[in-house]
Every structure is written in C-alpha cells, then in structure tokens.
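Accompanying notes for the structure given below.
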Amino acid sequence: MTETELPLPADTGGTEITRFNALKHGVLSRYTVLPWENADEYHAIVAALVAEHAPQGPTEEHLVEEIAGIMWRKRRLRLAEAAAHRRGLEETLESYRETVKVALVHLDTLATAADTQEDMADIDERDERVVDAIRATAADTQEDMADMAADEAMTRRALELLGSKRNDAYEAGLAALREDIQSLWADRLARDPDKLGEDEQPATADVEGLRRFLEGEVLPWFDNRRKELANRPLIREQAFGEALDPDKLERLGRYEIHLDRKLERMLAMLLRLKDLRREPVEP
C-alpha cells in the first residue's frame, strides 16, 4: 500500500483528507520517522488524529503534528525499553552458571551441587542453561526429566554390574554407560596426576576407580540436574530479574515523563484553540 493509499476513517471527508495530506508532508513529519521505521504506521497515527481533532489553520495543524510526533516517540520508547531488557538478558545468559546457582540458593544442597557442576565441566552442554529455562515449555521439561531418568538408570545399572562377581565387571559396567559419560571417564583417566588438586585421587581403570567416579561425580550431577529442571520457573524469574537495568530504565522513564508533559501541553493548547474558535465573537 502506498502513502497515498493510506486508509482513513470511513466518514472522513475531502477536507480531512486535504488536512491529512498537508500534515503528512509537513515540516515535522518529514523528520519524525527514522529511515528504518515504518512510515505507514506513523501516517496512520496522523490520520487518526486529524479525523479526531479536525484541525483548522496552520497552528492547529502544527499542534496535531506535534501530538503525533510525541505519540510516535512514546512508541519508540517502548521499543527502547524492550531492547534494554534483551541486552540485559543477553548479558545474564553469558554467566548462566551463576544465575542458576543464585536462583536455587534456597536449596540445601546448593554448595555441593555447585562443586559437582565444576567437577562435571567437561559436559557443560548437559547442565541447565538459562536460555533453556526461559524457552522450555512444560512438555519440554517433562521430556528432559524423562531423558535424565533414563540416563540415571543406565548409570545405576553400571554400578550394579561393577558390584557383581563377573570377571569382566569393569568392562561390563563401562559398556553400560552412555557415550558421553564414557568419554568423561576417559578424560579423567588421561589427566596428569601431577596436575590434580590436593583432595583429588588419580582415576584408575578398574572397578573401584569407576565406582568412585560414578558415585562421587555422576550421581550427584543427576541430583543437581533434577533440581534445576524442577525449578526452571525460578531460574527463568532470576534471569529476567537480573536482566533488569534500573539505571537504563530510569533514564527512559525520565524521557517518558518529559513526553507525557509535552503531550499534555500540546493537547491542552489544541483544545483551547478549538474552544476559542467556537466562542461567538462579541459585536
């Protein structure tokens, strides 16, 4: 639809169309809409104001144009507020581990869970991400819980095999694990003993070593993961709360107050002019 084809109210007469066209190409209108904004949407606001106020003369037309510009800037302000929230949310997602930790601070096992997440850093992609908590539906969470339960069942089956009297208990237990857990175990075995922490024991490729790894790192990770999934709404709320930048919103709020006051003044002036025009002239 071209600018000349913009819809006006059905009862708009030729005079209003003329006024609208004059305002559409007015001095202010030419500079109100930024190049990337939708001029048709702005012109629709102008058309609605012209139909409502029926300005007569350049002064009233100017005031209507001012009101349209204020309303357009208030719309732009809403976009700026949404952009500020998105920027804050992006910064929150960059440190998702801390956001999850703070969101679940009320849980008794937080410290242990945080330590376990550090130990399981090699499979970070399986940890809860804030973006997952934000986007996940109830069905998504149920599916993730089911997948995690299946993973945990495989791990517990591996522990049962490790506790059996089979001659190949270690090999059978290792084969029962998911591939990513197997890869993590291989990484543990490949670690340089000289670079281990004071409280860390070297991993050993035997039943006892694999059992210690599964019970000390993997099963606690499942417990933590279960809590994260169950508390996704809290993680989502924490992320949105951290994304809020009071300083940016305060500046936007001050600007909105300025626009509101200007709108009140322009509207009051326009209505006063219309009242004066309607008052009878004394002889």
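How many residues does segment 184-205 hold that are under 20 Å from W221 (Cα atoms), assigned to a helix (DSSP H, G or I) and either open to solvent by 70 Å² or more (accessible area, probe 1.4 Å) or in contact (Cβ under 8 Å) with a residue 24 or more places away in the chain (or both)?
Of the residues in segment 184-205, 4 are under 20 Å from W221 (Cα atoms), assigned to a helix (DSSP H, G or I) and either open to solvent by 70 Å² or more (accessible area, probe 1.4 Å) or in contact (Cβ under 8 Å) with a residue 24 or more places away in the chain (or both).
Can you pull out the residues in segment 226-240 that are under 10 Å from the mean Cα position of the chain (by Cα) and farther than 17 Å from T141 by Cα?
A239, F240
Looking at E41, E94, E66 in this structure, which one is acidic (D, E), modelled with pLDDT of 90 or more and open to solvent by 50 Å² or more (accessible area, probe 1.4 Å)?
Answer to the selection: E41.
With (1) surrounded by 13 or more Cβ atoms within 10 Å (Cβ to Cβ); (2) without any contact (Cβ under 8 Å) to a residue 60 or more places away in the chain as the list, and E228 as the residue in question, which single condition is left unmet?
(2)
Can you work out which of the residues in segment 128-183 that are outside any helix (DSSP H, G or I) and open to solvent by less than 60 Å² (accessible area, probe 1.4 Å) is farthest from L229 (Cα to Cα)?
Going through the qualifying residues, I end up with S164.
The values are calculated or read from the model by the stated rules, or taken from the named source; none is laboratory data. Here the structure is a predicted model, which means the values were calculated and not measured. Please note: Cβ atoms are built from the backbone with ideal geometry, for glycine as well, and neighbour counts cover all protein chains shown. Remember, those area values only see protein heavy atoms, side chains included, never the ligands or the DNA or RNA. Shrake-Rupley method; radii C 1.70, N 1.55, O 1.52, S 1.80 Å.
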